[in-house]
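Read the figures in this text as sums done on the coordinates, not as results from a lab. As the structure is a prediction and not an experimental result, all values here were calculated from the model. Using ideal geometry, Cβ is built from the backbone for each residue, glycine included, and neighbour counts are taken over all protein chains shown.
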Amino acid sequence: MSSCSCLVPALSPRCPQTPLGDFLLVPELLFGQARAQPQQVNGVLGGSVLLSPALPPNKTVKEIEWSFSAGTGAMIQVAEFSRGGFERPDPRDRFGKRLERYNETALRIRALERGDSGVYGARIKLHPALVEDQTFNLSVYESVPSPRTRSQLLASTLEWCNLTLQCQGSGKGAVNVTWKRDSLTGDLIPDRHQLSPDGTTLRVNLPPTAANVTYACTVSNPADQKVALFDLQTICQGGGGQTSFSTSGYIVLTLILLAVSLGGAFWCWRMNSEKASDPAATPTVAAEESPSEPQYTDIVCRSPPEGNDQGPSHPENNQEQSSPQKAPAAAPGEEQQQGQAAPGDTAEEVT
């Protein structure tokens with residue numbers, strides 16, 4: 001009896017010839033059941049996701065072990081579902097209290113962080129003794145902010161309305177921009193629409209009778225999206241460009257105006273304070289009107305005029321001036337001679 005091994009029959013001449021491709025098409029014969037591809041799950045930063053395994057029909061779950069790997073380290077067990085409830089092998093790991101049991105089989109992760117991206121494994125134990133492994137590939141993205149939109153009317157006539165629509169993402173991450181008319185998806189008519197290479201600017205050329213439509217711009221990433229609408233009839237009849245800003249743009253503009261107002265108020269207060277503290281700015285009394293400085297006047301003293309040809313003077317002044325020039329007292333005989341000569345002197349003066 002031959003004892004050859006027929007694991008690879010094409011290599012053994014004693015074994016029945018079986019095409020090698022039959023074994024390649026059925027790898028379970030060599031390696032057991034093939035592992036399913038990971039399910040892609042996308043989440044928003046700060047949001048939550050559900051990891052829900054797909055169970056075979058008519059099977060009862062005994063236990064589910066949840067594990068996590070960031071891709072660079074070993075896989076760690078993070079949760080366990082059983083009939084007794086929900087258990088956390090290490091409550092102090094990176095997830096803390098953010099993991100919870102959503103139902104009998106689904107795991108919920110709350111308040112997503114960037115480090116939560118990775119591979120999550122679910123080992124499902126079924127009755128009576130079956131074990132099934134499923135994996136989930138979680139990617140965490142930033143939330144998509146409201147897009148920046150702008151519309152510009154290039155020309156408007158009775159026959160045509162020519163305008164451009166702009167829609168751009170305002171976040172840091174990469175986003176995808178798509179356009180659609182009304183609720184219809186698909187390619188826009190080339191002869192009436194021109195799309196820029198980056199997809200952010202759409203040029204539209206329509207007759208006014210066909211301008212009663214709405215164009216939608218969708219800015220999205222794999223986990224989130226925002227939509228902006230353009231009413232073409234309003235733009236064509238407006239006679240000019242129309243610009244709309246996102247909510248974040250209005251907030252930034254308000255903060256800038258508030259900062260400018262506060263800066264102007266502070267500058268005015270500072271200028272008033274400097275003027276109040278500057279002594280040179282305080283009005284003072286003119287120098288000629290200041291009573292603190294004494295006034296000086298040159299006084300010229302003159303001697304009294306000689307002779308009697310001058311005008312009359314006050315007796316007090318004459319008395320003061322003649323008092324230092326009084327002659328010594330004369331004898332009685334001399335006084336009589338002077339008294340007799342006085343009239344003569346007077347007569348000569350009158351002549």
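Once backbone amide H atoms are built at 1.01 Å from N, Ala79 has Trp66 as its partners under 5 Å, excluding neighbours fewer than 5 places away on the same chain. Working note: Karplus 6.51/-1.76/1.60 with θ = phi - 60° gives the stretch 68-75 the couplings 9, 9, 7, x, 10, x, 6, 7 Hz, where Gly and Pro are set to x.
Between Ser277 and Gln37, the modelled labels are 7.4 nm apart [label points 7 Å from Cα along Cα→Cβ].
Mind running the shape call on the stretch 148-246? Use the C-alpha gyration tensor, a ≥ b ≥ c as the square roots of the eigenvalues: rounded below 1.5 for a/c, prolate if a/b tops b/c, oblate otherwise. Prolate, since a/c reaches 1.5 and a/b exceeds b/c. The 3J(HN,Hα) values that the Karplus relation (6.51, -1.76, 1.60; θ = phi - 60°) gives for the stretch 207-224 are, in residue order, x, x, 5, 9, 8, 7, 9, 10, 9, 10, 10, 10, 10, 8, 10, x, 10, 8 Hz. Gly and Pro appear as x. Take 173-179, 63-69 and order them by the average number of nearby Cβ atoms within 10 Å per residue, most first; the result is 63-69, 173-179. Close amide H partners of Phe86, meaning residues 5 or more places away or on another chain with modelled amide H under 5 Å apart, do not exist here. Annotation: amide H of Glu63 within the under-5 Å range of Lys125, sequence separation 5 or more or interchain, hydrogens built in the peptide plane.
Counting Lys and Arg as +1 and Asp and Glu as -1, what is the net charge of the other residues whose Cβ lies under 13 Å from the Cβ of Leu153? Could the numbers behind the result be given before it?
Details: positive: Arg150, Arg203; negative: Asp231.
Charge balance in the 13 Å sphere: +1.
The lysines whose alpha-carbon is closer than 26 Å to the alpha-carbon of Lys59, local same-chain residues fewer than 8 away aside, are Lys125.
Normalised by the number of residues in the stretch 31-118, the mean separation of alpha-carbon contacts (under 8 Å, six or more apart) gives a relative contact order of 34 percent.
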